[in-house]
1. Using the heavy atoms of the protein chains and a 1.4 angstrom probe, tell me the accessible area per residue for the chain in square angstrom.
2. Once the piece of chain linking Y333 and R291 is laid out straight, how much longer is it, given 0.36 nm per residue of separation minus the C-alpha distance between them?
3. If amide H atoms are built 1.01 Å from N in the plane of the peptide, which residues on other chains or at least 5 residues away come under 5 Å of the amide H of K390?
4. For the chain, what does the helix formula give at 222 nm: sum of -39500 (n - 2.57) over DSSP H segments with n ≥ 4, over the residue count, nearest 500 deg cm²/dmol?
5. Give, as a single signed number, the net charge of other residues whose beta carbon lies under 14 Å from the beta carbon of P41, with Lys and Arg counted +1 and Asp and Glu -1.
6. Nearest 10 degrees, 0 to 90: what angle lies between the long axis of helix 553-577 and the longest principal axis of the chain (Cα atoms)?
7. With unit charges on the beta carbon (Lys/Arg positive, Asp/Glu negative), name the residue among S262, I246, W230 whose Cα is farthest towards the positive pole of the charge dipole of the stretch 228-276.
8. Using a 1.4 angstrom probe on the protein heavy atoms only, line up E64, E304 by accessible area, largest first.
Amino acid sequence: MNIFDHFEELVNLAVGDLAERGELVGVPNGLRFTLDATKDPAHGDLASNAAMVLAKPVGKPPREIAAKIVSALAGHPDVASVAIAGPGFINITAAPAVWPRVVAAILAPGASFGQVPKGEGPKVNVEYVSANPTGPLHVGHCRGAVVGDALANLLAFAGGDVTREYYINDAGTQVNVLARSAFLRYREALGDDIGEIPKGMYPGDYLKAVGEALKAEHGTGLLRTDEADWLPIVREKAIAMMLAMIREDLALLGIEQEVYFSERSLTTGPVDKVAATIANLRARGLIYEGRLPPPKGEKPEDWEDREQTLFKATEFGDDMDRALIKSDGSYTYFASDMAYHHDKVQRGFQTLIDVWGADHAGHIKKMVSAVTALSEGKAVLDVKVCQLVKLYKGGEPYTMSKRAGTFVTLRDVVEEVGRDPVRFMMLMRKNDAPLDFDFVKVTEKSRENPVFYVQYAHARTASVFRMAGEAAGGKLPQSAQLAAADFGKLTDSGEIALIKRLAQFPRLIEQAAKVHEPHRLAFYLYDLASDFHALWNRGKDLPHLRFIREDEGEMTAARLGLVRATAEVLHKGLSILGVRAPDEMR
């Protein structure tokens, strides 16, 4: 039972009856209103703004409309009480008989509580990480990787047709610098004393493996060729090995993206997709030749004081029009980014989500304008910016081995504390808020460590069933059997609080997916764990509240059903976040 869908239907039926009787005139078809859990239990279980939404089309004050809806709902058996609050909110308290149905719905055979069948949501492209293939991923990439992956999981659970994508920045000067840096390591592998790595090159030891691989494949042959000849060979090898390393780093976090899209492919394939994108916009009158005024503040890299090819970005909400072709005839970075996003639109994606680092936040407005223009308003781009991660150990700033030469790697962090703490803690703050990551706190066994606290709740549910199995001689009831238990016996305030929290899961999934915020699920799981731990502790203090009562079989079955329902939701939620739901914790 999804209580939100159920009570939305009751409100809609009440409004429909009032319209049929002529008490509300002008009610629109497909009335859309909100119905959410109240923030304060003293105000009931659910609150709706239906009366305020109806005020304009019906032409009556919200409280007058609310009074009619309240009167219509008051006699329903699933409504214990209903009242008007504030300017016209309708606060509903569910009847006690509602909550047992929630537990039964979670345990029903074939049930997938909170999950929406694939295809009922939009076709979504989630692009995340997309680091330059010039070295291992660092801790900043780690946060973006977790946010993007958890968001993709969330959207898929909510019915979206989701593609996980990595954009390989394998064009431009940075990959040529990578090739020259790798060539130094190639010379080193052949026995040359290369001295200190020159400034501007990539200094990390990770390129030594590339040098050794080039030595094995080419011997000394590359030394006898000009740079123009060896550069593409070394570049291709270095990029391939860097991408392999990046995939291995992501695998440590349980991440496997489905599409790796090459920037170079935009211009090296049978069709120059950048040129095609510019031609598309030109045909629609969105490209012109002109001059840009000097920008205020810091000048962007692609600004030049000359007549040039410009995109009319200001027609789509940007602050200025944007240059597409440099003075040397090459494309600007923005032109390539436009073509890449145009390719996504042409692949049929309705929602494009890009997960970026904080240093790219200034590019959001122009890319949103580009997607709006290229899709003719049919696709939406949402950019999730991940702020910096600060590392601590026991409250003190912490610097690790920096095996990459200049930064702390994703691998360093995961190998230090494990995948689960990294994934969960990266989601315990909204992506656009700075995050402090303390290596001591994320591994301690206490309520102050959210990942331990939530995983421990799941482990405790498993321990309840181990104890139940021992008490029943090894025979454990299955979910289908438990679904038939009499959950009306669950009347303790702690039991009802836990059921109410479980009931929120479908709406939490729906809302978090709608606004693209997976951190909401992490917060919810912590609250759910807190409710379960509180009920566990009440049973320790009050024997009549224990989950297993050998003298009361029906009560035991009901409580075991509640425990199993809690385990189901914890497991679903943790799997969306990419975190294990352990049965034991030592």
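1. On the way: 26550 Å² over 586 residues.
For the chain, the per-residue accessible area is 45 Å².
2. Extending this stretch completely gives an extra 13.3 nm.
3. L435, D436, F437
4. Value at 222 nm, helices only, nearest 500: -15000 deg cm²/dmol.
5. Numbers: positive: K39, K500, R501; negative: D36, D40, D45, D527, D531.
Its environment carries a net charge of -2.
6. 20 degrees
7. Going by the charge dipole, the pick is W230.
8. Result, largest first: E64, E304.
The values are calculated or read from the model by the stated rules, or taken from the named source; none is laboratory data. Here the structure is a predicted model, which is why all the values come from computation and not from measurement. Quick reminder, even Gly has a Cβ in these numbers, built from the backbone with ideal geometry, and neighbours come from all protein chains shown. To get the accessible areas, we keep the full protein, side chains included, count just its heavy atoms, and leave off ligands, DNA and RNA. Shrake-Rupley method; radii C 1.70, N 1.55, O 1.52, S 1.80 Å.
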